[in-house]
Structure formats: structure tokens, C-alpha cells
Amino acid sequence: MRDTKIHLWLIRFIGLIVPQRLRADWRQEWEAELQYREATLAEWDKLNWQSKFDLWRRSLGAFWDALLLQPRRLEEEMFQDLRFGARMLLKHKAFTFIAVLTLALGIGANTTIFSAMEALILHPFSFPNQDRLVVIYERMLGAGVERANVTPGALHDWRQQSRSFEQFASFNLDDFELTGTDQPEHLRGCRVSAGFFGALGAQPLLGRTFQPDEDTLGREQVVVLKHSLWERRFGSDPKILGQTIRLSSQTYTVIGVMPREFNFPFFGGELWIPFVSFPAAVQDREHRFLRVIGLLKPDVSRAQGDAEIRALSLQAAQQHPATNSGVDAFAIGLNEDYTRGARMYLSFTLGAVAFVLLIACANVANLLLARGAVRQKELAVRMALGAHRWRVMRQLLTESLLLALAGGVLGLGFSVWGVTALANSIPQGFARFIPGWERLGINVWALGFTVLASLVTGVLCGLLPAWQATKADLNETLKEGSKGVTGGARNRWRNSLVVAEVALSLVLLVGAGLLIRSFIEILNTDPGFNPDNTLAMTIALPRDRYTQPEQRVNLFQELAQRAAALPGVAAVGLTDSVPPGGWGEVSFQIVGQPAFPKSEQPMAGAITATPGYFAAVRTPLRAGRLFTEQDDARATRVALVNEAFARRYFADKPVIGQRLSFGDDPPNEIVGVVANTINSDLDNAAEPVIYHPFAQRAGRVMTLMVRGQPHPSAEENVTQLAGAMRRELAALDANLPISESKTLHESYRERSSPKRVITGLLGIFALLALAMATVGLYAVMSFAVAQRRHEIGVRMALGAQSRDVFLIVVKHGLCLAGLGVILGLIGAYAVTRLLSQILYGVKASDPLTFVTVASLLLTVTLVACIVPARLATKVDPLAALRHK
Amino acid sequence: MGKNYLSYSVAIILKALDNGYQYGFDIMDVTGLPSGTVYPALRRLEENGFVLSKWEKHTIAQQEARPPRKYYELTEEGRAALAEALSRYRLLEQTLLPVNENKPSRQEG
């Protein structure tokens, strides 16, 4: 009759998944029903195969019944845990407050930095094709140029021969004068190949983008506007499409407006026009002025694309040795290329916040360990009454998860504030060059991250204490007056956690210390110019007027003279590059030295300046003479070089009188050496630079440098100067557009803002870590003293002096701190090397920083030990002994 | 499961209970619903206070050498819910669920 019992076996088996609390009843109900039915059928003599099958079928239906009971299992116990957990946390308000605050700081810092990472590194663009987009550079290793623009010839080769790419698009930056409206304006823009928008997959907000043949000669001139320009100059007029505007004295028809978020290629440009090239340009393998992006075919990997571009460039080097030998090319992911700067800076910050969160976890774990010790009796009683260890651990983990989730909510609040502060930390004028900056904010990704971080944090800081707390030997723990047998192990864990905290915070402090030293170094480095009290005003002459160099020289000289005559002006000069850095590059040959091959020609920074420029920005002369008014177009061609140039190319030989040649122009004689000026990234004050006199190389776009007299409210004075200068300019030529006017101070601040922000962030995180580690050590010492009250009492009863007791505690604390510092120093030595690429003037292993930080940490921890140590000396031996 | 949202199958189960079918298997027989529907429905009805479950007397079970069976009864609330459901499911009233003639009178076990 065994076969008839299959349904009962099924019920027993399915019953395993029924919540334990309900299981017995559940099984009984089913078994009784089945047995009753079976008996009835047997009685009626109807127990045949069909009815048996029906019983089995019904037993299988019990599976659904059991499955639908699952929520009760979770609900009941989880709610119990949650309710109990919340009650415990509310009962110990001080503990809860400190733990939640600690975790909130850790989680908030992480959410803030994650948000920045999400916007700036993970999703700086939202192009549909972005995974298939690469940037392609040419490279001249002989001349030390890693990323050069591309020649039209090379682009033509790739378009003809590549099999990996769907299409290539090129763009180059240009500037335009918008005229024919009330206020002429100098604008930056982009000349792009017709496929530019298509390659990116970008759609216009209004109208259309370029058609495939719109970059060929003879087509109507068309322009696509950036959203900001449309808004600012055309009042967001939806009827703008089809209207014409005057750009650089030519007429363009507006065919489209891009959506607000479209800002490619992040250089502050506000319009795109087709790049019309002459058919002969495809033979040009010398002029590198195109920036090229490629769209890979859907099934082609980035590495394949890169390999093909390299192979084609090697082929070109063989076919055109005169221009291409020593030149190769490579492709790099668009995202990777455009997020280089952000990645360099953010990766350290991300490491730093991870450390902060770890320290916060260690701190809370320590608090929980201490609470576990206090609650040992309660937990032991529960386990003695039959609670499973896992059940008690789950209860404790629920509590730590509750803490972490509360910390997450508060932390999210902190990070809303943090992200806003971060978004405002970089001046607008600079932030627009950073891809993704405008997307900075708390979004779904950040929310998800916070939830995840909270859960991980809850488990991370709760697991060890829960494990420890439930490990107790019930017999020992429940004995009256016992302090529990796991005290030793627990204390070891607490000590280890504090050592880890100290070590982690030391690494952070060293990192922050190095960055701060490096930043101070930058501030203390003589930048080679003085940004105080100086206005920089850029003027772009229209292309169709002032076509002759003399006209440009005359206009700018006249303007400079008028500026110098204004009240409150100390010095005036003109240049084509605004310090810091801002120079273009030029390749040159040294007359009298063996010529470099074309691809190995050295490059140097090139600045055009008037005689007054050096006085206006206070770049001092080191040897020879500065430019004079006599160095004009008719005079011998002259040049100045900076000290770095002199050192690199002439070493100990005399520099003055040497001659440099630039292409086919007559050579320039070096007449003087001026001080080095810092480059635009503020990380190198010794890049070689050549200066040309404005009168011999009169450009169209120049910046007027006006230094005000020393004045109590210097910046205000300079701002007033800007107004006066505008009037002078309008008096000379009312149709001249001004593009930018800002003080050198502003430029300097903008340029230094990423370093300032990163230094500030690391500084804040390091201080946070220091504070947490100190609090952690203090808590551990206080707890140790409380636990050792009895022992201290005995010692004092046996004749120990206060001093001895004090020293015992302090020694214990310093041992922990010392061990942490030693481990931290080793860690810091290993980790801070990664920082070396953003350090300036400081070695990553700078001993001064290491020693200072270590002693700072030891001092602070000493202070954290003194209070518990003093408490220990206050122990009354009688009371302590009685307490037992 | 609010009063107004009794599904048709739940209403049938209530009706079966009202007609005197008190055991899960009997309800299956008379309604034709599978066990995977009837039992979960009974549990939810009990949770919502529409039915009460009781164990039959031990003595009866012992005589038959099996565990005591569990039976279900409509509460007042359950009756109200059924009345409301009947007013919505007109067909249900006409559905000929036979009345259990030999409805045993059970005492609490």
C-alpha cells in the first residue's frame, strides 16, 4: 500500500518550505484532509488510479498554498526585528545619534563624489553613438608631441581606405564677429564637416543640421546655433529658422538650433558652420589643424579601429616620407579622451571618500562591539531561551542596517548640499570646458548608489559585532557578576579596528598634506607675471577690414596709447595669449645648428607681444633687452625667449644673437631672455617659450593688458577701467566687437580652481577622517577604562599611584596609535605615489609631510587618551572592588 | 483584499461555505476549483476575518486513526461580504451550488 502514501510524502516534503511557526498546523490540515478522503474513497470502494491521481494533484496544489504563505515568514520576523531594532536605537539616543551622524558623513561624502564621477566620467555625454565614437590624433614622438591635430591629407586617406569606420567627422575651432545686430560681438565657433552631427547622433532642437554635401564649395552658407546664443542674442525666437545673420562679414542662413545640453566640443563655442575645404586640400599633409572623431562600425571594437588607424598612418609614412616620416596616429575612446582631466582628479578623491567611509564603518563597528558587550546578558538570555544564533545575529544586523539606512537618508541630505557646493566651486567661465559639469547633481544613479552604499555599510559595520556578540559562552555569561568570556577577543577586535582607523586616516592626511603643500608651492612659485590689478580685454578685428598688418598695428597702438592716457593706468601692453599659459605652439629651427627632420622639429610656446606688455604683466627681463618701438616691420626680425628655452636649447652657450627660423620667413634674432611664466595647467613653470614683437607679426585677435595704479580697491578700479576702455574702443571704431574682458586674477583663479577644489576636498575628507579616528580611539580607551575598573581598583589597592594608572592607559592608547601610524606610513608611501602626477614642487615621498602628519596624528591621539586616563586615576579602589 | 474586491472565485468559496461545505476538499469538489486556489483563498479570508477555522474533535479523529481535520465557518463579516458579492455577481446566486444536506454539527475540538 506504499503507493497510496505518495500524497502524504508530498505534503511532508512541501511542508519544509512553510514558515516554521505554521508548519505543524499546515501539515496536519493537509494530512487529515487527504487521509479522510482516502478513507472515504476506500469505504466507497472507489480508491482507483483515477482517484489516487486526483489526490496527488491536490497534494501538488499544496505547493501553491505553501508558497503563498512565504510573506508571512518574512513579515512576521522581519517586522519583529525592525520594531525591536528601532526601539533599541531610540532607547539609546546618544549612541544612535553618533552612529548615524558618522555613517551619514561617510555615505554623504561618497554620494557626493559618486555623483561627480557619474556626471563627469561615466556619463559626460548623452550621444546615442557614444560607445562607438573615438577621437583620432596624430603623434610625433620625435618632437615629443603626443596628441597633435590631423592634416586634411591624413583624414582623406582614412576616409578612402578605412574599413572599420562608418564615418569620420572633423572640426576646428574658429572665431567670428557677429554683426548687423545692435551690438557687435566676438564669438567662438566651430567649422565642422557635414557629417559632424550625424556621427555624434545629435538631433537639433529646431530645424535641421547639415546635409551631406553642405561642406562643399558653392553651397549656400548655413549655420547651426547653440542654445545659449539663440537665447541670448535672438530672444529664443522660434522663427529664427531661415533668417540670415552676418558672421565675419558673410551672410549665413540659420538652419537649426541645438538643444540646451549640446555643448560639443566643450570649448565655449556657440555656433557651428560647415567646414568648406578646397579640393586640393586633400593633398595637404603638413598643416595639422583638424580635430577628428571617428564612428566605428557597430561590430568593430575600439582596439580594431585603433589598429587600423595605426596601420594606415604607417603606410602613409612610407608613401609620403617627406611629410609623414616619424608621424603615426591612434584612436582613443571619446569618453576616455574627454574625461582625462576629471579622471585624474576624481580617482584620488574617490579613494579618499572610500577611506572615510571605511573609517566611519570601523567607528560604528567599534560602537556596536561596545554595545554588544553591554548587551551580552540580554543576548545570552535570549539564546538560552532557545533563540537560534543566526536569529540573534539577524536581529543585530537589522539594527546596524537601520543605523546605516538612517545614515544614508541623512547622508543624502549632506550630499545634496555637497554637490551644490561642488557645482559652485568652479567658476562658470571654466566649468563650461568640462564635459558633463552642467549635469552635476543628485539623480537616480546617485540615489541607487546611496541605497547600495547604505546596505553595504550596514552589513560591513554590523557583521563583526553581531558575530562577536553571539559567540558568548552562555554558562559563563549568565553567571552573576561575570564580565563575559569573550572580553579578550572583543577587545582585540576593538583594538584592531582602531589601529586600522588610525592607519587609514594617516594615509588620507598624508595625501591631503602633499596636495596642500603642492598647492602652497604653486601659490609660492613665481608665476613669472603679476596678476594683481590687471585687466585683460580681448579684441578681435573683423576679417574683411584691417586686412593689412600696418592697419592692425596702427589701430592697436592707438588703442594702447589711449588706454595709457586714462587716469589710474600704470602700464599697457598687447598680447595674443592671456597668462597663465594660453600660448600657441610653434615649431622652429635654430640657424647654424643641423636642421631637425620635419617630424622631429622641436616645438615651443609662441607669444606675440608689444614692448609695453612685459611692464604691464610684470614679466622681468633676465638678459639682453626687451622689444622696443624700433622693432617694427621694417627692422631686423627679432625674438625674445624665456629662460627655459635658453637652458634647453643653448645650455651654457650665449643666447643673445642666436637666430631662430620659422618656416620660410627670414630668421629672427634673439635679443633678450625673459623670466619663465607658468603654463595654463599651473603645473610647469619652465616650458620653453618664444616671444615675437607685435609690430613684426601683427595678429587679428589681441588682448589688451591694462595694469591699474596701486589702489586700495584695486579690483573695483580695474572694473571701472573696463568701462572706460570700452568707450575708448567705441570712439576708435564703433563696430569692433569685444569678446571677453576679465582680470588676470579671474583667469588665474579659474585656472587654479580644479587644483583648489581637489585640495580642499581632500583636506576636508582628511580632517573628517582625523576626527573620526580620534573619536574612535577616545571611545575605545574610555570603554577599556570602564571595563578595567576592577583591575585598576586592585592595582590601586595594592599601592599603584595615580601616575602609574595614568601611564598604563596612555601607553595602551599610544601603542594602538603608534601601530596605526606605522602601518599608515607604509600604506601612505605605497599609495601617495599615485598622486605624483598632480603634485607640483613636492615629491610624493616628501619626508616633511610624512613626519608632520605622523606627529600631528600622534599628538591628537595622545589628547584623546588623556581624558580616559584621567578618569582611570579617579577610580575609587573601594568602590571598584565592591562593584565586583 | 477589501470587501468590495472579492474576486468571483473567492465569492464562490464563500457561497460554498454558506451552503455548508466546511472542508477544503469539499469546497474543491463542489466548486471545481483547484487546491492551489482554494487553500490560499481560505487563508486570506481567515486573515481578513471573513471565516474562522476550527479543529474537529480529537475523539472523532482518533476513532478514524488520522489527525483532526480543520474546518471553516463564515463569520458575520463573511456573510455580509457574501451578500454584497451576490448583489454584484448575479450569476452566482443562480449558480446551483447544492446545499450540503448532511452538514455535520461540529463542536470545537
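The values are calculated or read from the model by the stated rules, or taken from the named source; none is laboratory data. Note that the structure is predicted; figures quoted are calculated from it, not measured. Heads up, the Cβs are rebuilt from the backbone with ideal geometry, glycines too, and the neighbour counts pull from every protein chain shown.
Spot the failing condition for residue A:44; the list is (1) at pLDDT below 85; (2) surrounded by 14 or more Cβ atoms within 10 Å (Cβ to Cβ), and only one is missed.
So residue A:44 meets the others, but not (2).
Please give the helices (runs of 4 or more DSSP H) falling wholly within segment A:336-454 in which 1 or more residues are of a type in the set (Asp, Glu).
A:376-384, A:389-423
Output yes when any residue across segment A:146-159 is assigned to a helix (DSSP H, G or I) and without any contact (Cβ under 8 Å) to a residue 40 or more places away in the chain, and no when none is.
Yes: one or more hits.
Among the residues of segment A:1-30, which ones are free of Cβ contacts under 8 Å to residues at least 40 places away in the same chain, more than 14 Å from residue A:57 (Cα to Cα) and either aliphatic (A, V, I, L, M) or facing chain B (nearest Cβ under 9 Å) (or both)?
A:1, A:16, A:24, A:25, A:27, A:28, A:29
What about residue A:846, is it among the acidic types (Asp, Glu) and more than 22 Å from residue A:508 (Cβ to Cβ)?
Considered against the rule, which asks whether it is among the acidic types (Asp, Glu) and more than 22 Å from residue A:508 (Cβ to Cβ), residue A:846 comes out as no.
Of all residues in segment A:703-719, count the ones that are at pLDDT below 80 and either outside any helix (DSSP H, G or I) or touching a strand residue (DSSP E or B) at 6+ places or on another chain (Cβ under 9 Å) (or both).
Of the residues in that region, 9 qualify.
Can you give me the ranges of the helices (runs of 4 or more DSSP H) entirely in segment B:6-102 with at least 2 residues that are away from every other protein chain (no Cβ under 14 Å)?
Ranges flagged: B:8-18, B:76-88, B:90-94.
I'd like the full set of residues that are assigned to a helix (DSSP H, G or I) and hydrophobic (A, V, I, L, M, F, W, C), limited to segment A:169-198.
Residues satisfying the conditions are A:196, A:197.
Given the conditions (1) outside the structural domain of residue A:577 (by TED's automatic domain parsing); (2) at pLDDT 90 or above; (3) surrounded by fewer than 19 Cβ atoms within 10 Å (Cβ to Cβ), which single one is not true for residue A:557?
With respect to (1) outside the structural domain of residue A:577 (by TED's automatic domain parsing); (2) at pLDDT 90 or above; (3) surrounded by fewer than 19 Cβ atoms within 10 Å (Cβ to Cβ), residue A:557 is out only on (1).
Where the second residue is surrounded by fewer than 17 Cβ atoms within 10 Å (Cβ to Cβ) and hydroxyl-bearing (Ser, Thr, Tyr) and the first is facing another protein chain (nearest Cβ under 10 Å) and lies in segment A:34-49, which pairs have Cβ atoms under 9 Å and are six or more apart or on separate chains?
What qualifies is A:37/A:51; A:38/A:4; A:38/A:51.
Do any residues in segment A:550-562 that are under 17 Å from residue A:721 (Cα atoms) have Cβ atoms under 8 Å from those of residues that are among the acidic types (Asp, Glu), where the two are at least six apart or on different chains, and which pairs are they?
Every condition considered, the pairs that remain are A:559/A:728; A:562/A:728.
In segment A:163-183, what count of residues is obtained for those that are surrounded by fewer than 20 Cβ atoms within 10 Å (Cβ to Cβ), touching a strand residue (DSSP E or B) at 6+ places or on another chain (Cβ under 9 Å) and not hydrophobic (A, V, I, L, M, F, W, C)?
Summing the residues that are surrounded by fewer than 20 Cβ atoms within 10 Å (Cβ to Cβ), touching a strand residue (DSSP E or B) at 6+ places or on another chain (Cβ under 9 Å) and not hydrophobic (A, V, I, L, M, F, W, C) in segment A:163-183 gives 8.
What single numbered condition from (1) at pLDDT 90 or above; (2) in a loop (DSSP other than H, G, I, E, B); (3) crowded, with 20+ Cβ neighbours inside 10 Å fails to hold for residue A:215?
Unmet condition: (1).
Restricting the search to segment A:7-41, which residues are under 20 Å from residue A:64 (Cβ atoms), surrounded by 14 or more Cβ atoms within 10 Å (Cβ to Cβ) and of a type in the set (A, V, I, L, M)?
A:8, A:10, A:11, A:14, A:18, A:22, A:32, A:34
Output the number of the condition that residue B:37 fails; it satisfies all remaining conditions of (1) within 13 Å of residue A:65 (Cβ to Cβ); (2) in contact with a strand residue (DSSP E or B) (Cβ under 8 Å, 6 or more places away or on another chain).
So residue B:37 meets the others, but not (2).
Restricting attention to helices (runs of 4 or more DSSP H) lying wholly within segment A:465-579, give those where 3 or more residues are under 30 Å from residue A:853 (Cβ atoms).
Once the helices (runs of 4 or more DSSP H) in segment A:465-579 are filtered for at least 3 residues that are under 30 Å from residue A:853 (Cβ atoms), what remains is A:487-524.
Only one of (1) at pLDDT below 85; (2) within 13 Å of chain B (Cβ to nearest Cβ) fails for residue A:57. Which number is that?
Of (1) at pLDDT below 85; (2) within 13 Å of chain B (Cβ to nearest Cβ), only one is false for residue A:57: (1).
How many residues, within segment A:65-110, are more than 30 Å from residue B:24 (Cβ to Cβ) and touching a residue at least 40 places away in the same chain (Cβ under 8 Å)?
23
Using the structure shown, decide if residue A:758 is in contact with a Ser or Thr (Cβ under 8 Å, 6 or more places away or on another chain) and surrounded by 17 or more Cβ atoms within 10 Å (Cβ to Cβ).
yes
Take the residues in segment A:628-651 that are outside any helix (DSSP H, G or I) and within 43 Å of the chain's Cα centre (by Cα), then tell me which one is nearest to residue A:672 (Cα to Cα).
Result: A:640.
So which residues in segment A:77-124 are within 19 Å of residue A:451 (Cβ to Cβ) and among the aromatic types (Phe, Trp, Tyr)?
Scanning segment A:77-124 gives a single hit, A:114.
What is the residue count in segment A:815-837 for residues that are over 25 Å from the mean Cα position of the chain (by Cα) and either at pLDDT below 90 or of a type in the set (Val, Ile, Thr) (or both)?
Qualifying residue count for the region: 3.
Kindly provide the set of residues from segment A:61-71 that are hydrophobic (A, V, I, L, M, F, W, C), more than 8 Å from chain B (Cβ to nearest Cβ) and more than 21 Å from residue B:68 (Cα to Cα), ordered by number.
A:67
Could you check residue A:428 against (1) buried (at least 21 other Cβ atoms within 10 Å of the Cβ); (2) without any contact (Cβ under 8 Å) to a residue 40 or more places away in the chain and say which number it fails?
(1)
For segment A:742-800, which residues satisfy the criterion of being closer than 27 Å to residue A:376 by Cβ and free of Cβ contacts under 8 Å to residues at least 24 places away in the same chain?
A:786, A:791, A:795 - these are the residues of segment A:742-800 that are closer than 27 Å to residue A:376 by Cβ and free of Cβ contacts under 8 Å to residues at least 24 places away in the same chain.
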